[in-house]
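Trainee: Got a structure for you, written out below as structure tokens; questions coming shortly.
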Amino acid sequence: MREGDAKRWELPPGRAEEAFEDKKPLYTPAEALAEANRCLYCSGAPCIQACPTGIDVPTFIRKIGTGNLKGAARTILSANLLGQSCAQVCPVEVLCAGSCVYTGWGREPIAIGRLQRYAVETTLSSHPALFQAKQPTGKRIALVGSGPASIAAAGLLALEGHTCLLYERKALPGGLNTLGIAPYKLKGPEALQELEWVLSLGRIEVRTGIEVVETASGPGQVSATGLLATHDAVFLGLGLGADARLGIPGEQGEGVHGATHLIERLKTDPGLTLEGVRRALVIGGGNTALDIAHELALLGVEVAMVYRRSEQEMGGYVHELDAARLDGVRLLENRQPVEILREDGRVVAMRLAFLAEGKPLPGAGETLPTDLVAVAIGQDRATHVARAFAGVALDERGRVKVDPLTHRTGNPKVWSGGDCVNGGKEVVNAVAEAKLAVRDIQRYLAGE
């Protein structure tokens with residue numbers, strides 16, 4: 001990390017995310033001990049199989065139970081360098097905890113995520129030097145984007161003795177963890193603190209405000225060919241692009257937001273105000289839609305989600321919908337936005353058509369008053385960056401094509417992982433893909 005980075009990455013006070021309470025606060029030592037002692041330490045533990053990064057869950061829980069927090073944290077972070085943020089943001093209900101044997105018995109599963117957070121957060125606050133990097137190798141790796149996939153890859157490569165340079169076009173590093181996670185799960189300063197711990201592992205530098213392009217034409221840009229020429233390997237952790245649009249009348253103008261852009265503003269922009277916003281409509285049925293709907297509800301806004309199919313067909317997690325409903329979010333099924341109505345430029349309502357089997361019912365619909373519309377129907381792909389690298393190909397959905405076993409692209413010096421490859425999965429999936437890529441990068445750098 002360069003001199004002054006930590007100060008530059010401080011988020012300004014007065015952000016909306018500061019108003020959110022932690023939905024799963026850090027355990028006290030007594031709470032952690034009691035929960036750890038519930039674990040049955042199963043042989044062939046299904047929780048391990050359910051974790052994309054393969055964390056040895058029974059082992060780290062046993063270490064918590066015996067008071068060996070440092071050992072528990074080492075077990076977690078050896079498998080997943082982003083073990084702290086994953087403990088807070090992972091959908092454990094459908095991964096490790098969802099596979100807990102207690103779940104099959106109709107009993108409350110072990111709170112694996114909260115135990116993981118307790119072990120890592122408590123340990124790193126007092127014993128951050130858990131790992132020692134190998135001697136410098138002289139190899140340089142460029143990582144494009146500074147989201148979870150790139151951060152995890154950089155940390156693992158640095159531990160192997162390589163020098164890593166992350167190129168981030170935005171002013172703040174961290175990608176999804178810093179800018180896109182619902183603040184009742186993970187706040188920006190927590191994500192940046194975890195990033196700083198990863199940077200402490202070795203020779204890692206983050207260069208913010210730098211855009212990677214096909215042909216550099218001025219300051220703040222570097223060319224893809226330049227990166228390939230000056231680095232021994234390149235990792236593309238591009239994330240996803242801008243929010244998709246509805247393409248209906250009245251959409252352009254104030255009061256209509258892309259969901260991920262609005263979440264980013266809630267987390268970083270102290271100038272964002274929701275004064276006068278009493279009602280909001282969220283368009284979409286995925287986890288991003290659920291996140292922004294839940295966030296707005298927690299800020300005191302009356303929120304309804306508009307989804308074009310039935311609840312059973314929603315892409316979002318059931319437990320997230322249940323939690324949002326508890327805080328007042330309503331779901332309107334089988335409806336399609338037709339027009340956003342404005343008065344003097346201000347959003348006042350939205351016209352919706354009723355759908356049956358995915359098709360509009362003639363003459364059937366409703367008009368709902370609203371002060372704000374958040375659109376969460378997907379995101380564009382950041383394909384323009386990937387295309388700048390010779391040999392890197394995209395699939396029919398605009399995702400970077402990689403070998404699934406190695407995550408190497410069509411260019412022998414370029415690997416990729418995270419949302420730009422998987423289309424938008426969890427942070428833990430990004431870490432798992434980074435591990436596969438790093439393993440192959442290691443073989444490549446060794447001449448295998």
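Trainee: Given the structure, is residue 45 free of Cβ contacts under 8 Å to residues at least 40 places away in the same chain, crowded, with 18+ Cβ neighbours inside 10 Å and not charged (D, E, K, R)?
Mentor: Taking the combined requirement at face value, the residue satisfies it.
Trainee: Suppose we filter region 332-350 for residues that are of a type in the set (Asp, Glu) and crowded, with 16+ Cβ neighbours inside 10 Å; how many remain?
Mentor: 2
Trainee: Please list, ordered by first then second residue, the pairs with beta carbon atoms under 7 Å, 6 or more apart or interchain, first in region 367-387 and under 18 Å from residue 261 (Cβ atoms), second assigned to a strand (DSSP E or B) and acidic (Asp, Glu).
Mentor: 375/243; 379/243
Trainee: Does region 433-445 contain at least one residue that is in contact with a Phe, Trp or Tyr (Cβ under 8 Å, 6 or more places away or on another chain), surrounded by fewer than 24 Cβ atoms within 10 Å (Cβ to Cβ) and more than 15 Å from residue 239 (Cβ to Cβ)?
Mentor: Yes: one or more hits.
Trainee: Continuing with the same structure: Identify, from the list 312, 252, 336, the residue that is more than 30 Å from residue 407 (Cβ to Cβ), in a strand (DSSP E or B) and over 19 Å from the mean Cα position of the chain (by Cα).
Mentor: Exactly one residue qualifies, and that residue is 336.
Trainee: Evaluate the following for residue 299: is it among the aliphatic types (A, V, I, L, M), over 30 Å from residue 413 (Cα atoms) and over 22 Å from the mean Cα position of the chain (by Cα)?
Mentor: no
Trainee: Quick test for you: out of 400, 375, 385, pick the one residue that is at pLDDT below 95, within 21 Å of the chain's Cα centre (by Cα) and of a type in the set (Val, Ile, Thr).
Mentor: 385
Trainee: Residues in region 69-78: is at least one surrounded by fewer than 24 Cβ atoms within 10 Å (Cβ to Cβ), in contact with a His (Cβ under 8 Å, 6 or more places away or on another chain) and either touching a residue at least 12 places away in the same chain (Cβ under 8 Å) or not acidic (Asp, Glu) (or both)?
Mentor: Yes, region 69-78 contains a residue that is surrounded by fewer than 24 Cβ atoms within 10 Å (Cβ to Cβ), in contact with a His (Cβ under 8 Å, 6 or more places away or on another chain) and either touching a residue at least 12 places away in the same chain (Cβ under 8 Å) or not acidic (Asp, Glu) (or both).
Condition check ((1) closer than 24 Å to residue 244 by Cα; (2) not in a strand (DSSP E or B)) across all residues:
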position	(1), (2)
350	yes, no
354	yes, no
367	yes, no
384	yes, yes
415	no, no
420	yes, yes
425	yes, yes
439	no, yes
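Trainee: Over 30 Å from residue 236 (Cα atoms), crowded, with 18+ Cβ neighbours inside 10 Å, in contact (Cβ under 8 Å) with a residue 40 or more places away in the chain and in contact with a strand residue (DSSP E or B) (Cβ under 6 Å, 6 or more places away or on another chain) - does that describe any residue in region 351-359?
Mentor: Yes, that holds for at least one residue.
Trainee: While we're looking at this one, here's another question. Out of 101, 120, 144, I need the residue that is surrounded by 24 or more Cβ atoms within 10 Å (Cβ to Cβ), outside the structural domain of residue 235 (by TED's automatic domain parsing) and either among the aromatic types (Phe, Trp, Tyr) or at pLDDT 95 or above (or both). Which one?
Mentor: On inspection, the qualifying residue turns out to be 120.
Trainee: Assess whether residue 108 counts as being of a type in the set (Asp, Glu) and not in a helix (DSSP H, G or I).
Mentor: The answer is yes for residue 108.
Trainee: In this structure, does residue 38 turn out to be surrounded by 18 or more Cβ atoms within 10 Å (Cβ to Cβ), among the basic types (Lys, Arg) and touching a helix residue (DSSP H, G or I) at 6+ places or on another chain (Cβ under 9 Å)?
Mentor: no
Trainee: Looking at 328, 271, 285 in this structure, which one is surrounded by 23 or more Cβ atoms within 10 Å (Cβ to Cβ) and closer than 28 Å to residue 88 by Cβ?
Mentor: Answer to the check: 285.
Trainee: Okay, moving on. Taking helices (runs of 4 or more DSSP H) that fall entirely within region 124-227, which contain at least 3 residues that are among the hydrophobic types (A, V, I, L, M, F, W, C) and out of contact with any strand residue (DSSP E or B) (no Cβ under 9 Å at 6 or more places or on another chain)?
Mentor: Where helices (runs of 4 or more DSSP H) fall fully within region 124-227 and carry at least 3 residues being among the hydrophobic types (A, V, I, L, M, F, W, C) and out of contact with any strand residue (DSSP E or B) (no Cβ under 9 Å at 6 or more places or on another chain), they are 148-159, 188-199.
Trainee: Something else: In region 420-431, what residues are farther than 12 Å from residue 386 by Cβ and either crowded, with 24+ Cβ neighbours inside 10 Å or within 10 Å of the chain's Cα centre (by Cα) (or both)?
Mentor: Matches in region 420-431: 424, 425, 426, 427, 428, 429, 430, 431.
The values are calculated or read from the model by the stated rules, or taken from the named source; none is laboratory data. Keep in mind that this is a model prediction, so the values were computed, not measured. Cβ atoms come from the backbone with ideal geometry, glycine included; neighbour counts cover every protein chain shown.
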